[in-house]
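All remarks here apply to the structure that follows.
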Amino acid sequence: MLELSRPTILMCPPDFYGIEYEINPWMSRSVPNDAVKSREQWQALHDLLVSLGVDVQLMEPVKGLPDLVFTANAGLIWHDKVFLAAFRHTARQGETPVDAGWFQSAGFETISLPSSLNFEGAGDALFCGDTLFAGYFVRSDASAMQWLGAHMNCRVLPLQLVDHHFYHLDTCFCPLDTQTALYFPPAFDDYARRALSHIPHLIPVQPEEAARFACNAVVVGHDVVMNTGCPQLEADLIKHGFTPHSTPLDEFLKAGGSAKCLTLRLDGEEAAVWP
Ligand code: ARG
(Lines give C-alpha, C1' and ligand atoms only; values in the text may rest on other atoms or scores of the structure.)
Protein backbone atom coordinates (compact mmCIF):
# COMPACT_ATOMS: atom_id res chain seq x y z
CA MET A 1 0.00 0.00 0.00
CA LEU A 2 1.10 3.51 -0.84
CA GLU A 3 2.65 5.28 2.15
CA LEU A 4 0.20 7.91 3.43
CA SER A 5 2.23 9.57 6.19
CA ARG A 6 1.50 13.08 4.89
CA PRO A 7 -1.30 14.69 2.87
CA THR A 8 -1.40 12.72 -0.39
CA ILE A 9 -3.22 13.77 -3.54
CA LEU A 10 -3.75 12.05 -6.89
CA MET A 11 -3.43 14.18 -10.04
CA CYS A 12 -3.27 13.37 -13.77
CA PRO A 13 -1.23 15.55 -16.17
CA PRO A 14 -3.29 17.34 -18.86
CA ASP A 15 -1.47 15.83 -21.91
CA PHE A 16 -4.78 14.79 -23.51
CA TYR A 17 -7.07 17.30 -21.81
CA GLY A 18 -9.47 19.08 -24.16
CA ILE A 19 -13.06 20.14 -24.82
CA GLU A 20 -14.06 17.22 -27.04
CA TYR A 21 -17.72 16.93 -26.01
CA GLU A 22 -20.29 18.97 -24.08
CA ILE A 23 -21.73 17.41 -20.92
CA ASN A 24 -22.16 20.50 -18.74
CA PRO A 25 -23.07 24.15 -19.48
CA TRP A 26 -19.45 25.36 -19.19
CA MET A 27 -18.22 23.16 -22.04
CA SER A 28 -18.42 24.38 -25.61
CA ARG A 29 -16.41 22.80 -28.42
CA SER A 30 -16.28 26.27 -29.99
CA VAL A 31 -14.28 27.51 -26.95
CA PRO A 32 -11.29 25.16 -26.88
CA ASN A 33 -8.58 25.23 -24.26
CA ASP A 34 -5.02 26.34 -24.98
CA ALA A 35 -2.80 23.27 -24.52
CA VAL A 36 0.31 25.22 -23.46
CA LYS A 37 -1.59 27.34 -20.92
CA SER A 38 -3.43 24.29 -19.60
CA ARG A 39 -0.11 22.58 -18.92
CA GLU A 40 1.30 25.71 -17.21
CA GLN A 41 -1.77 26.14 -15.01
CA TRP A 42 -1.88 22.46 -14.07
CA GLN A 43 1.87 22.51 -13.27
CA ALA A 44 1.49 25.65 -11.12
CA LEU A 45 -1.31 23.96 -9.13
CA HIS A 46 0.84 20.85 -8.74
CA ASP A 47 3.86 22.87 -7.58
CA LEU A 48 1.77 24.95 -5.16
CA LEU A 49 0.43 21.76 -3.53
CA VAL A 50 3.95 20.33 -3.28
CA SER A 51 5.13 23.59 -1.64
CA LEU A 52 2.37 23.12 0.96
CA GLY A 53 3.81 19.72 1.88
CA VAL A 54 1.56 17.50 -0.24
CA ASP A 55 2.81 14.21 -1.67
CA VAL A 56 1.37 14.36 -5.21
CA GLN A 57 0.91 10.98 -6.89
CA LEU A 58 0.49 10.94 -10.66
CA MET A 59 -1.74 8.89 -12.89
CA GLU A 60 -0.64 8.35 -16.49
CA PRO A 61 -2.84 10.38 -18.92
CA VAL A 62 -4.65 8.44 -21.65
CA LYS A 63 -5.41 9.66 -25.18
CA GLY A 64 -9.15 9.83 -25.83
CA LEU A 65 -10.00 10.47 -22.15
CA PRO A 66 -9.82 14.30 -21.97
CA ASP A 67 -11.53 14.54 -18.56
CA LEU A 68 -9.22 12.01 -16.86
CA VAL A 69 -7.40 15.10 -15.46
CA PHE A 70 -10.37 15.54 -13.10
CA THR A 71 -9.26 12.87 -10.65
CA ALA A 72 -11.85 13.96 -8.04
CA ASN A 73 -14.37 11.95 -10.03
CA ALA A 74 -12.37 8.70 -10.02
CA GLY A 75 -13.98 7.48 -6.82
CA LEU A 76 -14.64 8.04 -3.14
CA ILE A 77 -11.72 7.07 -0.92
CA TRP A 78 -12.57 5.43 2.40
CA HIS A 79 -9.65 4.05 4.48
CA ASP A 80 -7.82 1.62 2.15
CA LYS A 81 -10.85 1.21 -0.11
CA VAL A 82 -12.21 3.19 -3.02
CA PHE A 83 -15.78 3.21 -4.27
CA LEU A 84 -15.26 3.56 -8.02
CA ALA A 85 -17.21 6.04 -10.13
CA ALA A 86 -19.96 4.92 -12.51
CA PHE A 87 -20.23 7.90 -14.84
CA ARG A 88 -23.59 9.20 -16.07
CA HIS A 89 -22.26 10.10 -19.54
CA THR A 90 -20.75 7.47 -21.86
CA ALA A 91 -18.03 9.99 -22.81
CA ARG A 92 -16.43 9.51 -19.36
CA GLN A 93 -17.17 5.82 -18.76
CA GLY A 94 -13.82 4.74 -20.24
CA GLU A 95 -12.06 6.41 -17.30
CA THR A 96 -13.19 3.87 -14.71
CA PRO A 97 -11.03 0.89 -15.80
CA VAL A 98 -8.00 3.20 -15.96
CA ASP A 99 -8.74 4.56 -12.47
CA ALA A 100 -9.35 1.05 -11.12
CA GLY A 101 -5.95 -0.08 -12.45
CA TRP A 102 -4.20 2.83 -10.75
CA PHE A 103 -5.93 2.28 -7.40
CA GLN A 104 -5.18 -1.44 -7.44
CA SER A 105 -1.49 -0.89 -8.19
CA ALA A 106 -1.37 1.63 -5.32
CA GLY A 107 -2.80 -1.01 -2.98
CA PHE A 108 -6.41 0.16 -2.64
CA GLU A 109 -9.29 -2.30 -2.61
CA THR A 110 -11.66 -1.24 -5.43
CA ILE A 111 -15.40 -1.56 -4.92
CA SER A 112 -17.98 -1.09 -7.71
CA LEU A 113 -21.52 0.05 -7.03
CA PRO A 114 -24.42 -2.03 -8.43
CA SER A 115 -24.45 -1.46 -12.19
CA SER A 116 -27.78 0.39 -12.29
CA LEU A 117 -26.43 3.27 -10.18
CA ASN A 118 -24.58 6.39 -11.33
CA PHE A 119 -22.00 7.85 -8.98
CA GLU A 120 -19.26 10.41 -9.73
CA GLY A 121 -16.87 9.93 -6.81
CA ALA A 122 -15.57 12.71 -4.58
CA GLY A 123 -17.09 15.21 -7.02
CA ASP A 124 -20.46 14.42 -5.43
CA ALA A 125 -19.61 12.89 -2.04
CA LEU A 126 -17.83 14.88 0.65
CA PHE A 127 -17.50 14.16 4.36
CA CYS A 128 -17.90 17.02 6.82
CA GLY A 129 -17.22 15.44 10.18
CA ASP A 130 -18.70 11.92 10.22
CA THR A 131 -21.55 12.81 7.85
CA LEU A 132 -21.40 12.21 4.11
CA PHE A 133 -22.86 15.17 2.20
CA ALA A 134 -24.03 13.77 -1.09
CA GLY A 135 -24.99 15.71 -4.22
CA TYR A 136 -27.46 14.00 -6.51
CA PHE A 137 -29.75 14.41 -9.49
CA VAL A 138 -27.50 15.87 -12.20
CA ARG A 139 -24.80 13.18 -12.20
CA SER A 140 -25.04 10.84 -9.21
CA ASP A 141 -28.19 8.99 -8.12
CA ALA A 142 -29.65 9.49 -4.64
CA SER A 143 -29.90 5.69 -4.31
CA ALA A 144 -26.15 5.39 -4.98
CA MET A 145 -25.58 7.63 -1.97
CA GLN A 146 -27.84 5.48 0.24
CA TRP A 147 -25.95 2.39 -0.95
CA LEU A 148 -22.67 4.05 0.12
CA GLY A 149 -24.11 5.02 3.51
CA ALA A 150 -25.14 1.42 4.14
CA HIS A 151 -21.65 0.20 3.21
CA MET A 152 -19.78 2.70 5.36
CA ASN A 153 -22.39 2.66 8.11
CA CYS A 154 -22.52 6.43 8.18
CA ARG A 155 -25.12 9.17 8.04
CA VAL A 156 -25.79 10.44 4.53
CA LEU A 157 -27.40 13.82 3.87
CA PRO A 158 -28.54 13.85 0.23
CA LEU A 159 -28.49 17.31 -1.33
CA GLN A 160 -30.34 17.88 -4.57
CA LEU A 161 -28.41 20.07 -7.03
CA VAL A 162 -30.81 22.38 -8.84
CA ASP A 163 -28.56 24.46 -11.14
CA HIS A 164 -26.81 22.63 -13.98
CA HIS A 165 -23.91 25.11 -13.78
CA PHE A 166 -23.17 23.53 -10.38
CA TYR A 167 -23.62 19.95 -11.51
CA HIS A 168 -21.24 18.31 -9.02
CA LEU A 169 -21.40 18.93 -5.27
CA ASP A 170 -17.76 20.07 -5.21
CA THR A 171 -18.64 23.01 -7.49
CA CYS A 172 -20.91 24.55 -4.81
CA PHE A 173 -19.85 23.07 -1.45
CA CYS A 174 -16.48 22.66 0.24
CA PRO A 175 -15.93 21.38 3.80
CA LEU A 176 -12.94 23.19 5.36
CA ASP A 177 -12.89 21.36 8.70
CA THR A 178 -15.40 19.33 10.71
CA GLN A 179 -17.32 22.50 11.68
CA THR A 180 -16.86 24.81 8.70
CA ALA A 181 -17.76 24.74 5.00
CA LEU A 182 -18.08 27.01 1.97
CA TYR A 183 -21.27 26.87 -0.06
CA PHE A 184 -23.16 28.64 -2.83
CA PRO A 185 -26.78 28.78 -1.57
CA PRO A 186 -28.62 29.12 -4.96
CA ALA A 187 -27.16 25.79 -6.14
CA PHE A 188 -29.39 23.94 -3.63
CA ASP A 189 -33.09 23.52 -2.98
CA ASP A 190 -34.71 24.54 0.34
CA TYR A 191 -34.45 21.09 1.85
CA ALA A 192 -30.73 20.86 1.02
CA ARG A 193 -30.08 24.30 2.47
CA ARG A 194 -31.76 23.15 5.69
CA ALA A 195 -29.65 19.98 5.76
CA LEU A 196 -26.49 22.06 5.28
CA SER A 197 -27.42 24.31 8.19
CA HIS A 198 -26.40 21.43 10.52
CA ILE A 199 -22.82 22.57 9.84
CA PRO A 200 -21.99 25.14 12.58
CA HIS A 201 -20.03 27.61 10.39
CA LEU A 202 -21.23 28.02 6.82
CA ILE A 203 -19.50 30.59 4.63
CA PRO A 204 -21.65 31.68 1.67
CA VAL A 205 -19.90 32.45 -1.61
CA GLN A 206 -21.05 35.34 -3.87
CA PRO A 207 -22.46 34.55 -7.37
CA GLU A 208 -19.53 36.13 -9.30
CA GLU A 209 -17.06 34.10 -7.26
CA ALA A 210 -19.11 30.91 -7.42
CA ALA A 211 -18.88 31.30 -11.21
CA ARG A 212 -15.08 31.43 -10.78
CA PHE A 213 -15.46 28.05 -9.03
CA ALA A 214 -14.58 29.54 -5.62
CA CYS A 215 -16.14 26.52 -3.89
CA ASN A 216 -13.95 24.13 -5.88
CA ALA A 217 -11.07 24.53 -3.43
CA VAL A 218 -8.42 22.12 -2.16
CA VAL A 219 -7.95 22.12 1.61
CA VAL A 220 -4.59 21.12 3.13
CA GLY A 221 -4.50 21.81 6.86
CA HIS A 222 -5.43 25.48 7.12
CA ASP A 223 -4.29 26.24 3.57
CA VAL A 224 -6.99 26.61 0.93
CA VAL A 225 -6.01 26.48 -2.77
CA MET A 226 -8.37 27.85 -5.41
CA ASN A 227 -8.78 29.74 -8.66
CA THR A 228 -7.92 33.44 -8.92
CA GLY A 229 -10.60 36.15 -8.96
CA CYS A 230 -12.27 35.40 -5.62
CA PRO A 231 -11.23 38.35 -3.36
CA GLN A 232 -14.32 38.21 -1.12
CA LEU A 233 -13.76 34.54 -0.36
CA GLU A 234 -10.08 35.16 0.31
CA ALA A 235 -11.04 37.80 2.90
CA ASP A 236 -13.65 35.50 4.48
CA LEU A 237 -11.17 32.63 4.70
CA ILE A 238 -8.65 34.82 6.52
CA LYS A 239 -11.39 35.91 8.95
CA HIS A 240 -12.06 32.24 9.74
CA GLY A 241 -8.38 31.44 10.32
CA PHE A 242 -7.55 29.88 6.94
CA THR A 243 -4.82 30.90 4.48
CA PRO A 244 -6.00 31.34 0.87
CA HIS A 245 -3.68 30.60 -2.08
CA SER A 246 -4.94 31.48 -5.58
CA THR A 247 -3.58 30.14 -8.83
CA PRO A 248 -5.08 30.71 -12.31
CA LEU A 249 -7.15 27.78 -13.58
CA ASP A 250 -9.23 29.40 -16.35
CA GLU A 251 -8.26 26.75 -18.90
CA PHE A 252 -10.00 24.14 -16.74
CA LEU A 253 -13.09 26.27 -16.14
CA LYS A 254 -13.75 25.71 -19.86
CA ALA A 255 -14.49 22.06 -19.00
CA GLY A 256 -16.39 22.95 -15.82
CA GLY A 257 -13.58 22.21 -13.39
CA SER A 258 -11.07 23.92 -11.12
CA ALA A 259 -8.61 23.14 -8.30
CA LYS A 260 -10.62 20.55 -6.37
CA CYS A 261 -11.76 18.65 -9.48
CA LEU A 262 -8.12 18.26 -10.52
CA THR A 263 -7.25 16.47 -7.27
CA LEU A 264 -8.25 13.46 -5.21
CA ARG A 265 -7.17 13.27 -1.57
CA LEU A 266 -5.98 9.73 -0.91
CA ASP A 267 -5.44 9.85 2.87
CA GLY A 268 -8.80 11.41 3.77
CA GLU A 269 -9.98 15.00 3.39
CA GLU A 270 -9.14 17.43 6.22
CA ALA A 271 -12.80 17.73 7.20
CA ALA A 272 -13.52 13.99 7.15
CA VAL A 273 -13.96 11.88 10.28
CA TRP A 274 -14.35 8.42 8.78
CA PRO A 275 -16.67 5.95 10.50
N1 ARG B 1 -15.90 18.01 -17.90
C2 ARG B 1 -16.02 17.29 -16.67
C3 ARG B 1 -17.44 16.77 -16.50
O4 ARG B 1 -18.36 17.43 -16.91
C5 ARG B 1 -15.60 18.15 -15.51
C6 ARG B 1 -15.54 17.42 -14.21
C7 ARG B 1 -15.23 18.31 -13.04
N8 ARG B 1 -15.08 17.55 -11.86
C9 ARG B 1 -15.62 17.84 -10.67
N10 ARG B 1 -15.29 17.10 -9.65
N11 ARG B 1 -16.49 18.79 -10.49
O12 ARG B 1 -17.68 15.72 -15.96
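Numbers for the structure displayed
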quantity	calculated
From the options Asp141, Asp130, residue that is closer than 26 Å to Pro114 by Cα, touching a residue at least 60 places away in the same chain (Cβ under 8 Å) and acidic (Asp, Glu)	Asp130
Residue count for the stretch 48-96, restricted to those that are touching a Cys at 6+ places or on another chain (Cβ under 8 Å), within 14 Å of the ligand (Cβ to nearest atom) and farther than 20 Å from Asp170 by Cα	0
The stretch 159-194, subset more than 15 Å from the ligand (Cβ to nearest atom) and either among the small types (Gly, Ala, Ser) or buried (at least 23 other Cβ atoms within 10 Å of the Cβ) (or both), residue farthest from Ala271 (Cα to Cα)	Phe188
Filter result for Leu49 (modelled with pLDDT of 95 or more, open to solvent by less than 10 Å² (accessible area, probe 1.4 Å), of a type outside the set (Gly, Ala, Ser) and not in a helix (DSSP H, G or I))	no
Residue in the stretch 90-111 that is of a type in the set (A, V, I, L, M, F, W, C), touching a His at 6+ places or on another chain (Cβ under 8 Å) and open to solvent by 10 Å² or more (accessible area, probe 1.4 Å) present	yes
Meets criteria (under 17 Å from the mean Cα position of the chain (by Cα) and open to solvent by 40 Å² or more (accessible area, probe 1.4 Å)) for Arg212	yes
Residues of the stretch 5-22 satisfying the condition of being near the ligand (Cβ under 10 Å from one of its atoms) and open to solvent by 30 Å² or more (accessible area, probe 1.4 Å)	Glu20, Tyr21, Glu22
Yes/no for Val36 being more than 19 Å from the chain's Cα centre (by Cα) and assigned to a helix (DSSP H, G or I)	yes
Tally of residues being surrounded by 16 or more Cβ atoms within 10 Å (Cβ to Cβ) and among the acidic types (Asp, Glu) across the stretch 195-209	1
Residue selected from the stretch 229-261 under the condition among the hydroxyl-bearing types (Ser, Thr, Tyr) and open to solvent by less than 40 Å² (accessible area, probe 1.4 Å), by the criterion farthest from the ligand (Cβ to nearest atom)	Thr247
Residues of the stretch 226-258 that turn out to be in contact with a helix residue (DSSP H, G or I) (Cβ under 6 Å, 6 or more places away or on another chain), closer than 28 Å to Tyr21 by Cβ and among the aliphatic types (A, V, I, L, M), as a count	1
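The values are calculated or read from the model by the stated rules, or taken from the named source; none is laboratory data. The model shown is predicted, which means the values in this text are computed figures rather than measured ones. Positions of Cβ are generated from backbone atoms using ideal geometry, with glycine treated the same way; all protein chains shown enter the neighbour counts. Each accessible area value is taken on the protein alone, full model and side chains, heavy atoms only, with ligands, DNA and RNA left out. Shrake-Rupley method; radii C 1.70, N 1.55, O 1.52, S 1.80 Å.
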